[in-house]
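Just so it is clear, none of the values below were taken in a lab; they were calculated from the coordinates. Since the model is a prediction, treat every value here as computed from it, not as a measurement. Because the Cβ atoms are built from the backbone with ideal geometry, glycine has one as well, and the counts that use them run over all protein chains shown.
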Amino acid sequence: MLNHIYLDHAATAPVHADVIETMAVVMKEQFGNPSSIHSFGRSARSIVDESRSKIAKSIGARTEEIIFTSGGTESDNLAILGVAKSYQKNGNHIITTMIEHHAVLHACKSLEKEGFEVTYLPVDEYGQISVEDFKKALRDETILVTIMFGNNEVGAVQPIKEIARLLEDHQAKFHTDAVQAFGLMDLNVTELGVDLLSVSAHKINGPKGIGFLYVKQNTALTPLSFGGEQERKRRAGTENVASIAGFAKAVEIASIDRAEKVEQFTELKKLLIKSLQSRDITFSVNGLLENSLPHVLNLSFPGTDVESMLVNLDMEGVAVSSGSACTAGSIDPSHVLVAMFGQESERVRNSIRFSFGLYNTKGQVERSAEVTAKIVNRLTR
Amino acid sequence: MIGKKKGFSDMIYFDNSATTKPYPEVVDSFVKVSNDFFGNPSSIHRLGVEAESLLAQARKQMSELLQVNPSEVYFTSGGTESNNLAIKGTALMYRNRGKHIITSAVEHASVREAYQQLKELGFRITVIPVDAEGRVSVTEIEDAICHDTILVSIMHVNNEVGTIQPIEEIGNMIKGYSKILFHVDFVQGIGKVALNIQKHHIDLCSISAHKFHGLKGTGVLVVREGVQISPLFSGGNQEWKLRSGTENVAGAVSMAKALRLTLQRYETKLRQISEIQGYLLKELKLLEDVVIHTPNSGRAPHIINFSVKGFRGEVFVHALEEKGLIVSTTSACSSKKKAVSHTILAMNVSKDVAESAIRLSLSYENTLEEANKAISIIKTTVTELREVMH
């Protein structure tokens, strides 16, 4: 794309050339159905097995604890609906937060219609939940706690380990949506102490249409769809072999120089802020710089409105977003910003998310700051 | 290469009902879209808009090829999801209207298993038996209709023996019952046996791309205009709120390509595939102790199912593979658990014979020459296995 600067990696990331190559080879040469008992099937099966094992290792899980799904949304829904239905005999209370991705929020809403009771934890102005609030919300009949690892709009990282510790002697299963965190943050399921964890491939330079759900062994899970005995009967449907192989490749790529990437994205964040400051425009950061996903930066520009910002930035060749891509289309105020600042705050109408990824350079970030400053000046003149 | 004696390319692949090899053009489409149009269709910047417009184009192409409206095409992750969405989505949407569903005894696992969960939720499922050719009777379906029937779900082409069900007649009959939805699992029929979704009054129709040289992980549920069903899962409200999740743009584009190429071959190669099937059936009938399960008439042109009495299916499949012929025992989705084909049992075939069943399934890429070779491999294998057993 000519002179295009892509700073919307939290929406989706470019597919890595090696991922595409891996997938094309599988499509052409190993197209068998993994359930078939002949060599074409066995060869496809071995690709699925190897990929599963690589992916499991990346989060310190056992191979059989990984269920491949069609993506983050399905993983979140499978975790939440699956646990709720399996454990409803033990209680009907669920705890989540007000700033989850819609895949989580809508799954919880649908459970409310079926008679479950859901507590939505509030967040402070930095997008952080309070552990005290959580303690107060927790009841004996709580069966599921679902709290995202890192927020997709403002980057706030939640105290997952602390909450897991509080749940050690509690019946509730603990799910975390790690879609934005996976690939950059250190996610070891044993250290974290979670029972379920959702990941999507297309956020880490993998293909769309594939994701996984980690499910700790001995966790019951009612499937969303039924059919063949794939994925240990927890997710029916012919395995998407090529995408699974592409996903494993993307995980491998993500793991290379991970610490350097975290540092690099953090630098880009700081650079963007510094460059904007040097251009003497008014803005503030939504959320904190520390305790935050390294690739997500949400900025509020007083006196602007999100829609004209996005349109103008796009015309200048800078792709950013108002928040979650999944709620884009309609520019409703972000539920995350509303939770942080209240419905009436200016910030819910003048904030922009920048999200970094592979191939972003300092030059691109400086250029984006320049363009952003120009537009802000024009809009606030 | 995994094949012990031969590379994959030397093998005769007669297991196209399990999965097909993607057309090179399909892979090219996938690669091109993944490289050049990776945007999220929900993003409002240029990359998102480009991805969205490609997705809309794929939807329009699919709709034209399926002869439905673009707004009736819902992208899913494949046949299993489409079937589950159709059946559970109808059941959950209309559970207050009624809790009775009618289906056949020969459906795919993704349809059969979906009912298990519905039964637990208090639904009643009437399973219509089939005749010796594996076919349901329209009268029996109509007789099974109750005041609280909300759904009739019947597959188009059976995946194990190839029987075509009387979809047109069923559709015409159901048209008279305004409160009943009609779902058709079109996964095996598409591209091989024509089906007019609109004319036959089909409300919900499932397809899967990897059965017609498209990619795994992509499929469609056609939902007729005005029909409302509940989603299986929720989130970002993509696909008109029926199927949330970032759209697999490259997958959708490559599926449209695969269907276009398949339907072109339907025009030019249907006679050839029927001739190959006819030849295989004729030759198999000449063999001793062979029972053909595929019906004489009203069958899809790509499936041949038969038993050689006395040989267990798996043994025969492995023996054929040794000689370079790839076939299967039953549907791939159930072949893991070594179950006997439930379709063949439903056709009132004895368990013995059903345990010997073998399915050959063709695509337009197969040739008469391959069929010739396949027959000679089958003949030699039968002779050798008989010698071993005596």
Inset, instruction - Round to the nearest 0.05 the FRET efficiency obtained for A:N291 and A:E29 when R0 = 51 Å and r is the Cβ-Cβ distance. - result: 0.65
Legend entry - Computed helical MRE - 222 nm, chain B, DSSP H runs ≥ 4 contributing -39500 (n - 2.57), nearest 500: -13000 deg cm²/dmol
Inset, instruction - Calculate how many DSSP beta bridges within the protein assembly as shown are antiparallel, expressed in % of all such bridges and rounded to the nearest 5. - result: 50
Inset, instruction - Tell me the label-point distance for the pair B:D10, A:R349, using the 7 Å Cα-to-Cβ offset, in nm and rounded to one decimal. - result: 7.3
Inset, instruction - For the range A:276-361, state which trypsin sites (Lys or Arg not before Pro) are in a DSSP loop and have at most 16 other beta carbons lying within 10 Å of their beta carbon. - result: A:R279
Inset, instruction - Quick one: grab Rg to one decimal and Dmax as a whole number for the range B:118-172, Cα atoms only, in Å. - result: 12.3, 33
Legend entry - Rounded FRET efficiency, nearest 0.05, which uses the C-beta distance separating B:Q272 from B:S178 and R0 of 41 Å: 0.45
Legend entry - Debye equation applied to the C-alpha atoms of the range A:87-126, log10 I(q)/I(0) at 0.13 Å⁻¹: -0.28
Inset, instruction - Evaluate 2.2 N^0.38 Å with N set to the residue count of the range A:51-136, then give the Cα radius of gyration divided by it. - result: 1.27
Legend entry - Cα Rg, Dmax (largest Cα-Cα span) when computed across chain B, Å: 21.4, 73
Legend entry - Span from the the range A:175-213 Cα centroid across to the the range B:267-293 one, whole angstrom: 50
Inset, instruction - Do me a favour and compute the ellipsoid semi-axes for the range B:115-250 from its Cα gyration tensor, root of five times each eigenvalue, largest one first, whole Å. - result: 25, 20, 15
Inset, instruction - Give me the Debye-computed log₁₀ of I(q)/I(0) at q = 0.13, 0.14, 0.15 Å⁻¹ for chain A, equal point scatterers on Cα only, no solvent, two decimals. - result: -1.06, -1.19, -1.32
Inset, instruction - Treating the Cα atoms of the protein assembly as shown as identical point scatterers in vacuum, please give the log10 of the normalised Debye intensity I(q)/I(0) at q = 0.07 Å⁻¹, two decimals. - result: -0.51
Legend entry - Equivalent-ellipsoid semi-axes of the range A:179-329, from the Cα gyration tensor, Å, largest first: 36, 19, 15
Legend entry - Helix B:46-66 vs. chain B, principal-axis angle (Cα, 0 to 90°, nearest 10): 60
Legend entry - Filtered GluC sites (Glu not before Pro), the range B:151-248: DSSP coil and at most 16 other beta carbons within 10 Å: B:E225
Inset, instruction - Take B:H210, B:H147 and order them by how many other Cβ atoms sit within 10 Å, fewest up front. - result: B:H147, B:H210
Inset, instruction - Go ahead and estimate [θ] at 222 nm for chain A from helices alone: -39,500 (n - 2.57) per DSSP H run with n ≥ 4, summed, over the residue count, rounded to 500. - result: -12500 deg cm²/dmol
Inset, instruction - Specify the inter-centroid distance of the range B:311-390 and the range B:47-86, based on alpha-carbon positions, in whole Å. - result: 36
Inset, instruction - Considering only DSSP beta bridges where both residues belong to the range B:24-260, give the percentage that are antiparallel (nearest 5). - result: 35
Inset, instruction - Partner chain Cβ atoms within 10 Å, averaged over the residues of A:231-240 - can you pull that number for me? - result: 6
Inset, instruction - Provide the FRET efficiency to the nearest 0.05 for the B:E322-B:T367 pair, computing r from the beta carbons and using R0 = 35 Å. - result: 0.95
Inset, instruction - Using only Cα atoms, tell me the angle between helix A:102-113 and the longest principal axis of chain A; keep it within 0 to 90° and round to the nearest 10. - result: 60
Inset, instruction - Give me B:C146, A:C108, B:C205 ranked fewest to most by other Cβ atoms within 10 Å of their Cβ, as a rough exposure proxy. - result: B:C146, A:C108, B:C205
Inset, instruction - Return the lysines within reach of B:K32: Cα separation strictly under 24 angstrom, same-chain partners fewer than 8 residues apart disregarded; answer none if there are no such residues. - result: A:K28, A:K203, A:K208, A:K249, B:K21, B:K60, B:K211, B:K216, B:K257
Inset, instruction - Mind sorting B:M11, A:M315, B:M347, B:M389 by how few other Cβ atoms lie within 10 Å of their own Cβ, fewest first? - result: B:M389, A:M315, B:M11, B:M347
Inset, instruction - Give me the angle, in degrees from 0 to 90, between the Cα long axis of helix B:368-389 and the longest principal axis of the Cα atoms of chain B, rounded to the nearest 10. - result: 60
Legend entry - Average beta carbon contacts from partner chains per residue of B:316-328, 10 Å cutoff: 2
Legend entry - Dipole magnitude (debye, nearest 20) for the range B:63-166, charges at Cβ of Lys, Arg, Asp, Glu: 460
